[in-house]
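Colleague: Have a look at the structure that comes next, please.
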Amino acid sequence: MYIRSSDSMDLTVSLTSSDGLQNLAAYTITADKEDFKEWAKVEFDLQSSERNSNSRLQLTTRTSGIVWFDQVSLMPSDTYMGHGYRKDLASMLANLKPKFLKFPGGNYVMGNYLLNAFRWSETVGPWEERPGHFNDVWGYWTDDGLGFFEFLQLAEDLGACPVWVVNDGASRNEQVPSATIAAFVKDVVDGIEFARGDPGTSWGSVRAAMGHPEPFQLNYISMGNQECSMHYYKENYRKFYSAIKASYPDIKIISSCDRSTISPVEPADLYDVHVYTSSGDMFSKSSMFDSTPRGGPKAIVSEYAVTGNDAGRGTLVAALAEAAFLIGLERNSDAVEMASCAPLFVNDNDRRWSPDAIVFNSWQHYGCPNYWMLHFFKESSGAALHPSTIQVSNYNQLVASAITWQNSKDGNTYLKIKVLNFGNKAVDLSISITGLENEIQTFGSIKTVLTSGSLRDENSFQQPDKVVPVESPISNAREEMSLVLDPYSLTSFDLLLDPSNSTMMHSVPESSLHSSM
């Protein structure tokens, strides 16, 4: 905390129970009149004598006088990578093995009005010097302790590529004309210099002073937030594109415009897609990119979620519908480069949106069904996609894909077959696999199922594991197997391949799924 006072002081800083009756830890500051005449920083540790999930920070004094406080902060001493994030929450994110982190969020970076937009340059440097801003979209004040530097650092800690969403001169209710957009363009180029510039550059020196002399690996810039229909977007976009490419030609620029509008006149490396819809429509969108022409820029589906009545606060049916959509993206990975759910986190004490992947309060957390569904896809990046076919008569509720992936921990290679059953019938499934270079080992394969007793089942603080994946060994695994798919379920079959037993079969494995239905 920062303290200023012209009076003598006998101040106690305490952790107490919510009613103030139980004292958990305390630190006393005793000072004469002259000690805090100017602003001074005071920093100390408080170690609680007991665990208390509903405690408060309390400042008390036994002397009269005027005391000024600023930047009062209470933080855990042990955080993720030592960088300020709650270990439990950051670990849940790390366990998904994310390949990119998109920040700081579309509406958040825009603001309802530009006065309240996210300004990266005001979120770096010493925390106490950051002015903070009012997030008028979601209605809360932020001190910007979670700023541009912290987002870049989190991406680095996760081993993920940062994807920076920049303000391109537009809020939800305002636009900057192209004639006066130059300051916004310079601001973005300066931001890239902050992330990537040498310590000897103007903005690179600011980053180095914050303890990170090495450049961050910032390679993606997302231009705005689905603003293609705005009057000045395309003209402004061209100015941003030219300026960024002139200084950083390797950076990939993401357009808010549809693929059909991109051309040599309107260039882009990627184009952004947002999908918010009902569970039934999300399931049907598993074929959304099947007919997309190959060649040209690929898509980044940077926001997708099932919304509406059947989404609840994160239901099984929403997670299954999103799984079908992701299987479709996986099958079309030559047309789609990246995908991410939205939103990622929500504080249960301040819900502004549902559903979300991870829910937390001051001391608890849990993953919604869609969070656990993502675990079925965390090996997909960098895996090899293989052709798969489904042959089921009079039943159109199945979606499937197949990949081979290598476990980095033990070096084992698996053929993963994912099958989504979005219908209310159990399916007797026959799997036939051809073209394997290595035989399937009899033992060591795993079946994982995500399902529950009701389509609208949700997880909660009281029942955090109500809807979670359940693993079981597959006995006597082989190239042809008969299995049963539960109704309304996502199932993966991770079939262990024998590295020492190559066969004379084709080099590209295929899987066929047949049913007697």
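The values are calculated or read from the model by the stated rules, or taken from the named source; none is laboratory data. Computed from a predicted structure; not experimentally measured. Note that we place each Cβ from the backbone using ideal geometry, even for glycine, and neighbour counts take in every protein chain shown. All accessible areas refer to the heavy atoms of the entire protein, side chains included, with ligands and DNA or RNA removed. Shrake-Rupley method; radii C 1.70, N 1.55, O 1.52, S 1.80 Å.
Colleague: Within segment 125-175, can you find the residues that are of a type in the set (A, V, I, L, M) and over 14 Å from the mean Cα position of the chain (by Cα)?
Modeller: Of segment 125-175, the ones of a type in the set (A, V, I, L, M) are 137, 146, 152, 154-155, 158, 160, 163, 165-166, 170.
Correct list: Val137, Leu146, Val166, Ala170.
Colleague: Please name all residue pairs, on different chains or six or more residues apart, with Cβ atoms under 6 Å, provided the first residue is in segment 389-417 and is closer than 20 Å to Pro473 by Cβ and the second residue is in a loop (DSSP other than H, G, I, E, B).
Modeller: Pairs found: Trp405/Glu379; Trp405/Ala383.
Colleague: Regarding Trp127, is this residue over 22 Å from Ser340 (Cβ atoms) and at pLDDT below 95? Write out each step before concluding.
Modeller: Values: over 22 Å from Ser340 (Cβ atoms): yes; at pLDDT below 95: yes.
So Trp127 passes the test.
Colleague: When segment 222-236 is examined, which residues are found to be on the phi > 0 side of the Ramachandran plot and polar (S, T, N, Q)? Give the steps one after another, and end with the answer.
Modeller: Looking only at segment 222-236, we keep the residues that are on the phi > 0 side of the Ramachandran plot, and these are 224, 226.
Scanning segment 222-236 gives a single hit, Gln226.
Colleague: Mind checking which residues of segment 451-474 are among the hydrophobic types (A, V, I, L, M, F, W, C) and either surrounded by fewer than 17 Cβ atoms within 10 Å (Cβ to Cβ) or under 21 Å from Ser354 (Cα atoms) (or both)? Spell out how you get there, then give the answer.
Modeller: Step one: list which residues in segment 451-474 are among the hydrophobic types (A, V, I, L, M, F, W, C), which gives 455, 461, 467-468, 470, 474.
Matches in segment 451-474: Leu455, Phe461, Val467, Val468, Val470.
Colleague: Now, a different point. Just checking, how many residues over segment 294-328 are part of a strand (DSSP E or B) and either aliphatic (A, V, I, L, M) or open to solvent by less than 10 Å² (accessible area, probe 1.4 Å) (or both)? Walk me through it before giving the result.
Modeller: Residues of segment 294-328 that are part of a strand (DSSP E or B), as a first pass: 298-306, 315.
The next check asks that each one be either aliphatic (A, V, I, L, M) or open to solvent by less than 10 Å² (accessible area, probe 1.4 Å) (or both); those that pass are 299-302, 304-306, 315.
Going through segment 294-328 one residue at a time, the tally reaches 8.
Colleague: Here is a further query. Enumerate the pairs (first residue in segment 98-116 and over 11 Å from Asn135 (Cβ atoms) and surrounded by fewer than 18 Cβ atoms within 10 Å (Cβ to Cβ); second residue anywhere and at pLDDT below 95 and of a type in the set (Ser, Thr, Tyr)) with beta-carbon separation below 9 Å, excluding pairs fewer than 6 apart on the same chain, so at least 6 apart or on different chains.
Modeller: As it stands, the answer is Lys99/Ser381, since those pairs meet every condition given.
Colleague: Condition test on Lys245, is it open to solvent by 30 Å² or more (accessible area, probe 1.4 Å), at pLDDT 95 or above, part of a helix (DSSP H, G or I) and in contact with a helix residue (DSSP H, G or I) (Cβ under 7 Å, 6 or more places away or on another chain)?
Modeller: On the way: open to solvent by 30 Å² or more (accessible area, probe 1.4 Å): yes; at pLDDT 95 or above: yes; part of a helix (DSSP H, G or I): yes; in contact with a helix residue (DSSP H, G or I) (Cβ under 7 Å, 6 or more places away or on another chain): no.
No.
Colleague: From (1) touching a helix residue (DSSP H, G or I) at 6+ places or on another chain (Cβ under 9 Å); (2) under 19 Å from Pro297 (Cα atoms), pick out the condition that doesn't hold for Asp258.
Modeller: (1)
Colleague: Among (1) in contact with a Lys or Arg (Cβ under 6 Å, 6 or more places away or on another chain); (2) closer than 30 Å to Phe151 by Cα, where does Trp68 come up short?
Modeller: (2)
Colleague: Spot the failing condition for Tyr80; the list is (1) exposed (fewer than 12 other Cβ atoms within 10 Å of the Cβ); (2) in contact with a helix residue (DSSP H, G or I) (Cβ under 6 Å, 6 or more places away or on another chain), and only one is missed.
Modeller: (1) is the only condition that Tyr80 fails.
Colleague: Filter segment 349-358 down to the residues that are within 21 Å of Phe103 (Cα to Cα) and either without any contact (Cβ under 8 Å) to a residue 60 or more places away in the chain or more than 15 Å from the chain's Cα centre (by Cα) (or both) and list them by number. Can you show your working first?
Modeller: Taking segment 349-358 and keeping what is within 21 Å of Phe103 (Cα to Cα), we get 350-358.
Listed by number, the residues that qualify are Asp350, Arg351, Arg352, Trp353, Ser354, Pro355, Asp356, Ala357.
Colleague: Filter segment 20-56 down to the residues that are closer than 16 Å to Ser362 by Cβ and open to solvent by 20 Å² or more (accessible area, probe 1.4 Å) and list them by number.
Modeller: Leu46, Ser48, Glu50, Arg51, Asn52, Ser53, Asn54, Ser55, Arg56
Colleague: Also, quick follow-up: Examine segment 281-301 for a residue that is closer than 17 Å to Pro98 by Cβ and either touching a residue at least 40 places away in the same chain (Cβ under 8 Å) or among the β-branched types (Val, Ile, Thr) (or both), and state whether such a residue exists. Explain how you work it out, then say what you get.
Modeller: First pass over segment 281-301, keeping only residues closer than 17 Å to Pro98 by Cβ: 300-301.
Next, from what is left, pick out any that are either touching a residue at least 40 places away in the same chain (Cβ under 8 Å) or among the β-branched types (Val, Ile, Thr) (or both): 300-301.
Looking for residues that are closer than 17 Å to Pro98 by Cβ and either touching a residue at least 40 places away in the same chain (Cβ under 8 Å) or among the β-branched types (Val, Ile, Thr) (or both), one finds at least one in segment 281-301, hence yes.
Colleague: Restricting to segment 258-280, name every residue that is open to solvent by less than 40 Å² (accessible area, probe 1.4 Å), assigned to a loop (DSSP other than H, G, I, E, B) and modelled with pLDDT of 95 or more.
Modeller: Pro267, Ala268, listed by residue number.
Colleague: Taking the stated definitions as given, is Leu24 under 14 Å from Val72 (Cβ atoms) and modelled with pLDDT of 95 or more? Full working, then the answer.
Modeller: On the way: under 14 Å from Val72 (Cβ atoms): no; modelled with pLDDT of 95 or more: yes.
Judged against the criteria, Leu24 is not a match.
Colleague: Pick from segment 120-149 the residues that are crowded, with 19+ Cβ neighbours inside 10 Å and in contact (Cβ under 8 Å) with a residue 60 or more places away in the chain: which of them is nearest to Ala40 (Cα to Cα)?
Modeller: Applying the filter and picking the extreme gives Val124.
Colleague: Does any residue in segment 321-347 that is within 12 Å of Ala357 (Cα to Cα) come within less than 8 Å, Cβ to Cβ, of a residue that is open to solvent by 10 Å² or more (accessible area, probe 1.4 Å) and among the aromatic types (Phe, Trp, Tyr) six or more places away or on a different chain, and which pairs are these?
Modeller: Note: pairs meeting the criteria are Ser340/Phe100; Pro343/Trp353; Phe345/Phe360; Val346/Trp353; Val346/Phe360; Asn347/Phe360.
Colleague: Also: Being crowded, with 18+ Cβ neighbours inside 10 Å, among the charged types (D, E, K, R) and in a loop (DSSP other than H, G, I, E, B) is the filter here, so list the residues in segment 204-230 that pass it.
Modeller: Selection gives Glu227 alone.
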